[in-house]
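See structure below.
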Amino acid sequence: MTFWKRLPPLFVLTLFWGCTAQAPVAKRDNLTSMYGSNSGGIRLQARVHHADTATSLLYFKLPTRDLLYKSGGDGRAFKASARVQYQVLANWGSRQLLDSAGTIVEDMTSDPSLDQELIGTLSLRPGQPASYVIKVTATDLNRESSGVAYLRVQRTASTRQYFLPIDKNTNLPLFTDHVRPGRSLGVRCGSLAGRSLWVGHRIADLSLPAPVFSTSEPNPSSSVMDSTFSVHVGPDGSFDLELTSAGLYHFRTDSNALDGYTVVALDQSHPVIGSAADMLRPMRYITSVQEYDRLSKAPNVRQAVEQFWLDAAGDRERAREAIRIYFERVETANHHFTSDVEGWRTDRGMVHIIFGRPTSIQKSDLSESWIYGEENNLMSLVFTFVRRQGPYTENDLILERDPILKGAWYRNVESWRNGRVYQN
């Protein structure tokens, strides 16, 4: 049974689920699709919430501007139709399906130009392993464009997927744990109803990652907090949160616990480039200390940044293209690699900005390898990122730096400084 109705500017539906008793072997995925800008596709977002120890829900969101609405003629409404399905895999890279389910989402409107969102849920079948991977796919049935999201599902008690952030204005779920300072939101955690939670707040880390060839050791994940307070979960399994300042907020069942739920309050415009300061900061990867200092002190920072690119490229068209691609990569990094800092500040964000999208990605629970070129080719570039152990996020991966990468780094940086877009 399917129930849905339109709620401008959002759309809510609760959908049926099905499963396969014996799932077939899946084709091995090229995981580079996880981190694409998805131009021309569906910008699918998804997250899992364990409402209690027995109930798990998959929430998904589809922007209506990514769907094709077709008219039925005779003055009838425009209709979009999409298929949303998930596949349960034992781990990253697994080809054996443990379960699958899906549904058809249909939306009708008299004005297909409206910029809205379709938000829905699918129930996850009970009895799955304590930890597994879900691949979620949304396909526009009117033109066969699609979007893909991958999620690691973990059912360990009181971990982050037992918490669901809620927009207090719409009472609908948020699909990110990265919000703007000063925002008020609700949080659902039904399994902790009636309990008090210990909250630690840490000021945002504004440091930049070392170059890919650095021999210095990365800093460990710190558990030191700048301040602490407590919140009480109501009998309905929810509480309100006021994010009074920027930084990391970590929720735990007690002060001795490590695992829990983390919300990060970031810059007002994150994840997009919304100000001259947003343009300036990622420029540090391709500028000298003196150049960056000069740009930061310019009377008009945006104009100074644009002039840097114009001088580098030599003509306006090349400069415009370099600016578009460089800052598009910054925004893509913010969307995919943000952890307890903005995505462009992370190791993966830095590599993505300078080197572009890899040819292929090999991924496990503990690491990722980005390959630029053919696999098993000695001439290919390989960047290996290892998950940093810590309680705040699973999205914090540290690059295994290697002096052998120094030449490739400087070649790519020099290419950017000459206004040439470099894609390995």
Open item on the list: Every residue in segment 302-327 that is part of a helix (DSSP H, G or I), without any contact (Cβ under 8 Å) to a residue 12 or more places away in the chain and either acidic (Asp, Glu) or surrounded by 20 or more Cβ atoms within 10 Å (Cβ to Cβ) (or both), please.
Closed with: 311, 317
Open item on the list: Conditions first: (1) free of Cβ contacts under 8 Å to residues at least 60 places away in the same chain; (2) within 26 Å of residue 174 (Cβ to Cβ); (3) of a type outside the set (Lys, Arg). Residue 127 passes all but one, so which condition is the exception?
Closed with: (2)
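Can you name every residue in segment 50-72 that is surrounded by fewer than 16 Cβ atoms within 10 Å (Cβ to Cβ) and part of a loop (DSSP other than H, G, I, E, B)? Spell out how you get there, then give the answer.
Step one: of segment 50-72, the residues surrounded by fewer than 16 Cβ atoms within 10 Å (Cβ to Cβ) are 52-55, 63, 65, 70-72.
Matches in segment 50-72: 52, 53, 54, 55, 72.
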Open item on the list: I'm trying to understand the selection: among the residues of segment 54-101, which are on the phi > 0 side of the Ramachandran plot and within 22 Å of the chain's Cα centre (by Cα)?
Closed with: 93
Task: Checking residue 368 against (1) touching a residue at least 12 places away in the same chain (Cβ under 8 Å); (2) assigned to a helix (DSSP H, G or I), the condition it does not meet - done: (2)
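Where in segment 176-282 are there strands (runs of 3 or more DSSP E), lying wholly inside it, with at least 1 residues that are loosely packed, with under 13 Cβ neighbours inside 10 Å, of a type outside the set (A, V, I, L, M) and in contact with a strand residue (DSSP E or B) (Cβ under 7 Å, 6 or more places away or on another chain)? Steps first, please.
Working: elements: 184-188, 196-202, 227-232, 238-242, 247-252, 261-265.
The qualifying strands (runs of 3 or more DSSP E) are 227-232, 238-242.
Under the condition of being under 19 Å from the mean Cα position of the chain (by Cα) and over 14 Å from residue 151 (Cα atoms), which residue from segment 34-53 is modelled with the lowest pLDDT? Full working, then the answer.
Initial filter on segment 34-53 (under 19 Å from the mean Cα position of the chain (by Cα)): 34-49.
Applying the additional criterion that residues be over 14 Å from residue 151 (Cα atoms) yields 36-43.
Numbers: 36: 67, 37: 60, 38: 55, 39: 59, 40: 67, 41: 87, 42: 93, 43: 92.
Within segment 34-53, the match that is modelled with the lowest pLDDT is 38.
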Task: Failed item, numbered, when residue 137 is tested on (1) hydroxyl-bearing (Ser, Thr, Tyr); (2) touching a helix residue (DSSP H, G or I) at 6+ places or on another chain (Cβ under 8 Å); (3) at negative phi - done: (2)
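Would you mind finding the one in 113, 146, 131 that is farther than 19 Å from residue 41 by Cβ and touching a strand residue (DSSP E or B) at 6+ places or on another chain (Cβ under 7 Å)? Give the derivation first.
Details: 113 fails: touching a strand residue (DSSP E or B) at 6+ places or on another chain (Cβ under 7 Å); 146 fails: farther than 19 Å from residue 41 by Cβ.
None of the other options fit; the residue is 131.
In this structure, is residue 330 aliphatic (A, V, I, L, M), touching a residue at least 12 places away in the same chain (Cβ under 8 Å), outside any helix (DSSP H, G or I) and on the phi < 0 side of the Ramachandran plot? Please lay out each step first, then the result.
On the way: aliphatic (A, V, I, L, M): yes; touching a residue at least 12 places away in the same chain (Cβ under 8 Å): yes; outside any helix (DSSP H, G or I): no; on the phi < 0 side of the Ramachandran plot: yes.
In short, no.
The values are calculated or read from the model by the stated rules, or taken from the named source; none is laboratory data. Since the structure is predicted, the reported quantities are computational estimates derived from the model, not experimental observations. Neighbour counts run over all protein chains shown; Cβ positions are idealised from the backbone, glycine included.
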